[in-house]
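J.: Submitted below is the structure of interest, expressed as structure tokens.
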Amino acid sequence: MPVISRRTAKFLALIVALLIVLPLATLYALLHASLPRLDGTISAPALGAATSIERDSLGIPTITAANRADLAFGSGFVHGQDRFFQMDLLRRVAAGELAELFGAVAVQQDEKARTFRFRHVATEVLARMTADQRALLSAYARGVNAALESLQSRPWEYWVLGSTPAAWREEDSILVTLAMWWDLQYSGFASELAKRKINDKLAGSECAPAWKCALQFYYPSRTGWDSANGLAAETPDSISALAALGAVFTPLQLPARASHAGSNNWALAGRLTATGAALVASDMHLNLRVPTVWYRARLRTRPGASAAALDLNGVTLPGAPLLVAGSNTHVAWAFTNSGGKWLDLEPQECEAVADTELRTSHGSVPLSVTHELIRVHGADSVTFDVKSAPAGVLFLPEPGEGRCWFARWLAQLPEATNLNLQKLETAASVDEVLKLAPDIGIPAQNLVVGDRDGHIAWTICGRIPLESGAQRFSGQGPWTSPGQHPHLVDPASGRLWSANARAIDDAHDEALIGGDEASIGADYDLGARARQIGDDLAALAPGATPADMLRVQLDDRAVFLTRWRNLLLELLDENALRNHPRREAFRGLVLQWNARASIDSVGYRLVREFHDRTESAVWRMSVRALDVTEELPLPDRFERSLWELVTSRPSGKLPPEFASWRELLLAQLDIAIVKLTESCGELANCTWGARNVVRVRHPLSGALSYLARFLDMPTFELPGDHNMPRVQDVQQGAFGASERFAVSPGYEAQGYLHIAGGQSGHPLSPYYRAGFAAWARGEPLPFLPGSVQHRLLLSP
């Protein structure tokens with residue numbers, strides 16, 4: 001074997017080093033070139049006057065401009081600098097244009113979105129806007145594109161994808177709003193489909209006069225957890241469909257839970273706060289990703305002859321020129337997603353779907369067809385046909401079942417989306433906000449608002465049709481006016497809150513929100529979280545401060561599962577423990593629980609696992625008794641019927657392998673023990689933190705696994721769960737509070753605000769992770785930006 005000389009060995013080592021170092025150096029150079037400029041002066045001829053962008057140590061900008069249009073330009077500029085790829089994904093999600101970036105893997109998702117033709121909707125929305133609103137979007141788009149041009153290199157994600165970013169257009173900001181419709185409401189189609197399929201099996205039920213009476217067993221309209229802003233919770237209705245129980249029993253695989261984008265918000269009247277102004281708190285629960293959903297900003301205009309100066313603080317959505325939630329120094333506002341009848345699925349008889357017609361046993365039904373071209377990166381384009389009938393757009397063809405499902409959604413109506421959220425920027429009182437809310441075109445949200453004079457209110461922010469039946473989605477009927485729109489002002493308690501549950505107890509308002517499904521809960525959340533928030537607020541002494549609000553937001557007490565713990569301990573009596581050492585160990589750990597979803601709690605995790613296994617088993621048992629064999633999403637409000645069953649234990653049908661409800665419950669306990677032991681080795685090792693590991697990931701880190709640690713946020717075990725104020729649910733992925741704030745208008749310096757990530761989407765930026773650890777640990781950051789670290793001047 002030849003001997004390599006020392007000189008040759010050094011030469012080879014140098015070659016190997018160069019082969020490794022040069023590509024890394026090139027990659028670093030490309031990444032570094034796409035970092036935004038933070039200081040100096042940049043020419044911006046499109047501006048009317050100079051606009052300054054000052055950033056603090058977290059990268060939070062204060063944008064100061066001469067007028068609202070220049071402020072929109074500056075907002076577009078910072079969004080384009082820090083978050084362009086995120087903005088691009090949002091517009092592409094709504095428009096069904098992801099495959100143009102990601103290739104064939106995204107075609108199926110694009111087809112789902114193209115069904116609703118949102119780019120066409122966005123064009124129609126834009127055409128209906130006022131001249132001032134159109135000018136605002138135009139200025140914003142110019143700002144975004146100016147930011148792209150200011151970079152020395154295209155944003156780094158496009159180097160990875162082998163693509164070039166497309167310029168921002170005015171209608172793209174409308175698409176970003178439509179992307180929020182998608183994120184907040186699209187999952188409702190799965191829930192609607194489940195309800196309709198159960199309804200098919202309940203037709204002709206003894207429970208008169210209509211199917212909804214029996215359907216209330218599966219989707220209760222009321223639960224013992226409902227609090228409805230201080231009104232007494234009602235006793236749960238009697239269960240009406242117990243005779244339906246029985247059939248196939250398959251407990252091992254948990255069914256999908258009905259997905260709800262969550263959120264908490266509340267307001268305290270000024271007579272209960274330390275300042276005398278209202279105190280508004282917000283934590284919007286969404287899927288967490290890198291970069292995070294929101295972008296913090298302070299937006300200011302200099303006083304002028306024609307308009308008062310603006311001073312807006314809070315969170316913005318990259319892709320749009322508006323403040324989404326926060327304070328304008330006169331009023332503060334916050335949102336939570338609202339359950340309601342915002343979409344619909346209607347089954348139509350069909351034996352086959354042809355190119356331009358639906359074939360039925362009674363003849364053919366003509367279909368109107370629109371050809372959508374989906375461009376696919378690295379492959380041929382795909383044509384997707386959107387087929388429509390009077391019942392809506394073809395959503396799910398099932399000719400083998402003799403039916404086809406047609407969808408209708410308020411998001412498809414150009415009248416339902418607009419830029420009127422901007423009007424909150426100049427609102428000076430709660431009364432003004434209530435007059436504006438019915439005409440604000442966003443996906444329906446629970447709006448809680450408070451003003452400097454101490455007044456508070458709740459309403460639905462979003463357009464609501466007066467029609468409750470088929471005409472609700474036609475766009476032809478009237479919308480609610482301020483006098484008709486659901487609202488609640490200055491309750492005697494001085495407290496208002498919403499947490500995706502039933503927020504009010506007024507039959508007229510509930511019918512407006514829930515349409516023809518008001519009697520089955522309108523997809524409201526269970527209400528346990530809302531009740532716990534209400535109780536926390538009731539316990540506060542007068543003189544409340546933002547610090548008190550943070551303690552409520554971080555409340556991880558296990559109020560909801562306490563009765564399930566007691567049920568477990570009662571179940572595990574002497575007979576149940578005899579010759580069952582693992583049950584005995586389980587009971588011992590449950591006895592030690594600390595009544596919180598804390599990361600060190602074993603008892604909480606054990607009780608939660610038993611609850612979920614039992615819930616799964618009873619839901620499947622109930623649905624399959626109707627000969628529905630497919631998996632249907634499990635609604636949160638089924639908890640009412642579930643609890644009635646496991647406590648009253650009726651003598652109705654059970655799966656043949658169980659002689660009693662006690663046997664069924666013990667079987668779920670044993671399954672829980674097996675699954676937990678498989679996961680943890682020993683039950684004592686099964687802490688809630690080990691289960692509740694939050695991983696906030698970049699959308700490209702899965703494909704770039706070798707860079708995942710570089711792209712993703714740090715991993716944390718976090719306290720919290722779904723049915724409590726501190727929502728942290730890894731069962732839905734990384735899902736939790738996308739931001740937290742509390743503020744009194746006029747006293748912004750006393751408030752706090754943190755978001756679930758950094759300001760920048762660039763991994764080399766010092767602002768990529770800045771603030772994330774504070775969010776994870778629940779540590780408050782100032783509501784207002786800090787001292788100036790960088791100053792950039794945009795000069796016309």
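J.: Tell me, in nm to one decimal, what length is gained between R37 and D516 on full extension, where the rule is 0.36 nm per residue of separation less the Cα-Cα distance?
T.: In short, 167.1 nm is gained.
J.: Follow-up question, since we're still on this one. In the stretch 574-680, what trypsin sites (Lys or Arg not before Pro) fall in a loop by DSSP, with at most 12 other Cβ atoms inside 10 Å?
T.: Answer in residue order: R578.
J.: Further question on the same structure: Please work out the Kirkwood hydrodynamic radius for the stretch 21-146, using every pair of different C-alpha atoms, and report it in angstroms with one decimal place.
T.: So the Kirkwood estimate lands at 17.1 Å.
J.: Cα convex hull of the chain: mean projected area in nm², to one decimal?
T.: 41.3
J.: For the stretch 401-425 and the stretch 630-659, write down the distance between their C-alpha centroids in whole Å.
T.: If we compute the Cα centre of each part, the gap is 35 Å.
J.: Now, a different point. Can you compute the charge dipole magnitude of the chain about its Cα centre, using +1 on each Lys and Arg Cβ and -1 on each Asp and Glu Cβ, nothing else charged? Give it in debye, rounded to the nearest 20.
T.: Using only the charged Cβ atoms, the result is roughly 2120 debye.
J.: Now for a separate question. Roughly what angle does helix 661-680 make with the longest principal axis of the chain, taking Cα atoms, 0 to 90 degrees, to the nearest 10?
T.: 30
J.: Place +1 on the Cβ of every Lys and Arg and -1 on the Cβ of every Asp and Glu in the stretch 554-683, take the dipole about the Cα centre, and give the residue among P635, S598, S660 whose Cα lies farthest towards its positive end.
T.: S660
J.: Give me the number: length gained by fully extending E349 to R551, i.e. 0.36 nm times residue separation minus the C-alpha to C-alpha distance, one decimal in nm.
T.: Length difference between fully extended and current span is 67.3 nm.
J.: A follow-up question, please. If contacts are Cα pairs under 8 angstrom and at least 6 residues apart, what is the relative contact order of the chain in percent?
T.: 20
J.: Here is a further query. Once you have the alpha carbon radius of gyration of the stretch 640-746, what is it after dividing by 2.2 N^0.38 Å, with N set to its residue count?
T.: Output field value: 1.57.
J.: For the stretch 419-503, max minus min Cα coordinate along each principal axis, in Å, sorted largest first?
T.: So the three principal-axis extents are 41, 28, 21 Å.
J.: So, in nm, how far is label E663 from label V489 when the simple model puts each one 7 Å beyond its Cα toward the Cβ?
T.: Here the modelled spin labels are 6.2 nm apart.
J.: Give the peptides 34-46, 145-157, 439-451 in descending order of average Cβ contacts within 10 Å, highest first.
T.: The densest-packed peptide leads the list: 439-451, 145-157, 34-46.
J.: Another question, if that's okay. Find the centroid of the Cα atoms in the stretch 114-155 and in the stretch 575-625, then give the distance between the two in whole Å.
T.: The stretch 114-155 and the stretch 575-625 have Cα centres separated by 52 Å.
J.: Using label points projected 7 Å from each Cα along Cα→Cβ, tell me how many nm separate R6 and E779, to one decimal.
T.: 5.2
J.: By the gyration tensor of its Cα atoms, with a ≥ b ≥ c the square roots of the eigenvalues, what is the shape of the stretch 683-796: rounded for a/c under 1.5, prolate for a/b over b/c, or oblate?
T.: Because a/c hits 1.5 or more and a/b fails to exceed b/c, the stretch 683-796 counts as oblate.
J.: Is there a pair in K195/K341; K201/K675; K112/K341; K112/K387; K195/K435; K112/K195 whose C-alpha atoms are over 23 Å apart, and which pairs would that be?
T.: K201/K675; K195/K435
J.: At a Förster distance of 51 Å, what's the computed FRET efficiency of S481 paired with D670, Cβ-Cβ distance as r, to 0.05?
T.: Calculated value: 0.30.
J.: Next up: If you take the square roots of the eigenvalues of the alpha-carbon gyration tensor of the stretch 398-546 and sort them as a ≥ b ≥ c, do you get rounded (a/c under 1.5), prolate (a/b over b/c) or oblate?
T.: oblate
J.: To the nearest 0.05, what FRET efficiency results for T356 and S474 with a Förster distance of 30 Å applied to their C-beta separation?
T.: With R0 = 30 Å, the Cβ-Cβ based efficiency is 0.85.
Values in this text are rule-based calculations from the coordinates and carry no lab data. All of these numbers come straight from a predicted model, not from anything done at the bench. Methodologically, a virtual Cβ is constructed for each residue, glycine included, from the backbone with ideal geometry; neighbour enumeration extends over all protein chains shown.
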